[in-house]
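Shown below is the structure under consideration.
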Amino acid sequence: MADTRNADLTFGATDYLVYVAPANTVAPTAFADPGTGWVNLGWIATDGGTLKVDEESKDIEAAGSLEPIRTLMTKSTKTVQATFLEGLNPYVRALYDNVSVDALEPTTDVATYALPDKPADLRYAFIFDTIDGSKRIRLYAPNGKITDRGDEKPQTDDVMSVDMTMKFFKGAGNSAAVTRTLKYGGVDVSDFFPAP
């Protein structure tokens, strides 16, 4: 087999952008600005976002075999955790506080709203754009919600960050929970796909 190592295929994120829109908003054309309906959630901490895929399976045991005769995949959960630095961004606050963003519209520079006693099942579409020069990675999730919130800690020596984990579910029409799009940025990857 040919040596296909190529340093140009390494990826070091120089920027990380997160967008939100109403649930099942159609994904924009790959790597185009999301446009109408999508809102940027502002600056993200330098560690970017963490995609986690948690899979569970069940082994089927049977008499006459010391090893499982079959393994069933029972669950595959996909989440992204990110730390948002704009603690007063209305969409970041709405996601963290689990309220409609409309509740944060100010009247004479002030917005007052109740934190819900019972969590609402507010769903959104998300885009996560990771950029390394001309190379790009985009994750699109049509149906997600915040399932974990970090502690809120206003402090004097740093900005008040907002840490959230978004969990993704299948979208309208049973579409994939998460779709990944890659842009190689002009790097030749033809050696990975030899002609038959």
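How many residues are among the aliphatic types (A, V, I, L, M) and closer than 30 Å to T181 by Cβ when one looks only at the range 111-127?
So the first thing to find is which residues in the range 111-127 are among the aliphatic types (A, V, I, L, M), and the list is 111, 114-115, 120, 122, 125, 127.
Imposing the further condition that a residue be closer than 30 Å to T181 by Cβ reduces the set to 122, 125, 127.
Counting residues in the range 111-127 that are among the aliphatic types (A, V, I, L, M) and closer than 30 Å to T181 by Cβ gives 3.
Also: Are any residues in the range 1-25 without any contact (Cβ under 8 Å) to a residue 40 or more places away in the chain and not in a helix (DSSP H, G or I), and if so, which ones? Before the answer, list the steps.
First, the residues of the range 1-25 that are without any contact (Cβ under 8 Å) to a residue 40 or more places away in the chain: 1, 3, 5, 7, 10.
Within the range 1-25, M1, D3, R5, T10 meet the criteria.
Here's another thing I want to ask about it. When the residues of the range 168-196 are filtered to those that are in a loop (DSSP other than H, G, I, E, B) and of a type in the set (S, T, Y), which remaining residue is farthest from the chain's Cα centre (by Cα)?
Quick first cut of the range 168-196, residues in a loop (DSSP other than H, G, I, E, B) only: 169-171, 175-178, 184-189, 193-196.
Next cut, of a type in the set (S, T, Y) only: 175, 184.
Numbers: S175: 16, Y184: 20 Å.
This residue is Y184.
For the range 102-131, what are the residues that are among the hydrophobic types (A, V, I, L, M, F, W, C), buried (at least 18 other Cβ atoms within 10 Å of the Cβ) and either under 16 Å from I146 (Cα atoms) or free of Cβ contacts under 8 Å to residues at least 40 places away in the same chain (or both)?
L104, A125, F126, I127, F128
In the range 26-46, what count of residues is obtained for those that are free of Cβ contacts under 8 Å to residues at least 24 places away in the same chain and farther than 17 Å from Y140 by Cβ?
1
Each row is one residue, and each column tells you yes or no for (1) loosely packed, with under 12 Cβ neighbours inside 10 Å; (2) β-branched (V, I, T); (3) closer than 29 Å to D163 by Cβ.
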position: V20; (1), (2), (3): no, yes, yes
position: G48; (1), (2), (3): no, no, yes
position: I60; (1), (2), (3): yes, yes, no
position: G64; (1), (2), (3): yes, no, no
position: P68; (1), (2), (3): no, no, no
position: T71; (1), (2), (3): yes, yes, no
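A further question follows. I need a count of the residues in the range 8-55 that are of a type in the set (S, T, N, Q) and under 16 Å from the mean Cα position of the chain (by Cα). Steps first, please.
Restricting attention to the range 8-55, the residues satisfying the condition of being of a type in the set (S, T, N, Q) are 10, 14, 24-25, 29, 36, 40, 46, 50.
Checking the rest, the ones that are also under 16 Å from the mean Cα position of the chain (by Cα) come to 24-25, 40, 46, 50.
So the answer is 5.
Here's a check for you: in the range 144-167, which residue that is β-branched (V, I, T) and modelled with pLDDT of 90 or more is nearest to the chain's Cα centre (by Cα)? If you could, list the steps in order and put the result at the bottom.
To start, the set of residues in the range 144-167 that are β-branched (V, I, T) comprises 146-147, 156, 159, 162, 165.
Then keep just the ones that are modelled with pLDDT of 90 or more; that gives 146-147, 162, 165.
Values: I146: 10, T147: 12, V162: 15, T165: 8 Å.
Only one residue fits best here, namely T165.
Checking the structure you have, find out if any residue of the range 60-70 is closer than 18 Å to Y124 by Cβ, in a strand (DSSP E or B) and touching a Lys or Arg at 6+ places or on another chain (Cβ under 8 Å). Steps first, please.
Quick first cut of the range 60-70, residues closer than 18 Å to Y124 by Cβ only: none.
Within the range 60-70 (the criterion being closer than 18 Å to Y124 by Cβ, in a strand (DSSP E or B) and touching a Lys or Arg at 6+ places or on another chain (Cβ under 8 Å)), the answer is no, since none of the residues qualifies.
Looking at this structure, is K75 free of Cβ contacts under 8 Å to residues at least 12 places away in the same chain and loosely packed, with under 11 Cβ neighbours inside 10 Å? Lay out the reasoning, then the answer.
Numbers: free of Cβ contacts under 8 Å to residues at least 12 places away in the same chain: no; loosely packed, with under 11 Cβ neighbours inside 10 Å: yes.
Judged against the criteria, K75 is not a match.
Sort through D102, D163 and tell me the only one that's of a type in the set (D, E, K, R), touching a helix residue (DSSP H, G or I) at 6+ places or on another chain (Cβ under 9 Å) and part of a strand (DSSP E or B). Please lay out each step first, then the result.
On the way: D102 fails: part of a strand (DSSP E or B).
On inspection, the qualifying residue turns out to be D163.
Let me ask something else. Do you know which residues across the range 132-151 are in contact (Cβ under 8 Å) with a residue 40 or more places away in the chain and surrounded by fewer than 15 Cβ atoms within 10 Å (Cβ to Cβ)?
Of everything in the range 132-151, those that are in contact (Cβ under 8 Å) with a residue 40 or more places away in the chain and surrounded by fewer than 15 Cβ atoms within 10 Å (Cβ to Cβ) turn out to be G133, S134, T147, D148, R149, G150.
Quick check on the range 119-140. Is at least one of its residues among the small types (G, A, S), at pLDDT 95 or above and either assigned to a strand (DSSP E or B) or in contact with a His (Cβ under 6 Å, 6 or more places away or on another chain) (or both)?
Within the range 119-140, one or more residues are among the small types (G, A, S), at pLDDT 95 or above and either assigned to a strand (DSSP E or B) or in contact with a His (Cβ under 6 Å, 6 or more places away or on another chain) (or both).
The values are calculated or read from the model by the stated rules, or taken from the named source; none is laboratory data. Keep in mind it's a predicted model, so treat the numbers as computed, not measured. So basically every Cβ, Gly included, is an ideal-geometry build from the backbone, and we count neighbours across all protein chains shown.
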